[in-house]
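Asker: Below: one structure in structure tokens.
FYI, it's all coordinate maths here, none of it is from the lab. Note that this is a predicted model, so its numbers are computed, not measured. Heads up, the Cβs are rebuilt from the backbone with ideal geometry, glycines too, and the neighbour counts pull from every protein chain shown.
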Amino acid sequence: MALQLRPNCEYCDRDLPPNSGDARICSYECTFCADCVENKLYNVCPNCGGGFTARPIRPAKEWRAGLSIEKRPPAD
Ligand SMILES: [Zn+2]
Ligand SMILES: [Zn+2]
């Protein structure tokens, strides 16, 4: 199963492109920016009460055959 990459912070609506290093996700893949997680949410997901981890970056270029943004666009 691939992660569902959401394109915006759910709190401030900041753009979080798939190659952004500022995206944070909880175990249910609720997606927020690092700024909101640290300063607004205090590392607790407002949807499910869980903690956050940095979202892995999905490379824009095709790193392995078939695994890229072009081949697997992020869901919206
Ligand atoms: Zn945010
Ligand atoms: Zn959550």
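Asker: Report the gain in length on full extension from Lys61 to Arg14: 0.36 nm times residue separation, minus Cα-Cα distance, nm rounded to one decimal.
Answerer: Extending this stretch completely gives an extra 14.6 nm.
Asker: Then there's this: What per residue convex hull volume, in Å³, do the alpha-carbon atoms of region 1-58 yield?
Answerer: Per-residue hull volume (Cα only) is 67 Å³.
Asker: Rounded to the nearest 0.05, what FRET efficiency do Lys40 and Leu3 give with R0 = 30 Å and r taken as the Cβ-Cβ distance? Could you check?
Answerer: The value I calculate is 0.85.
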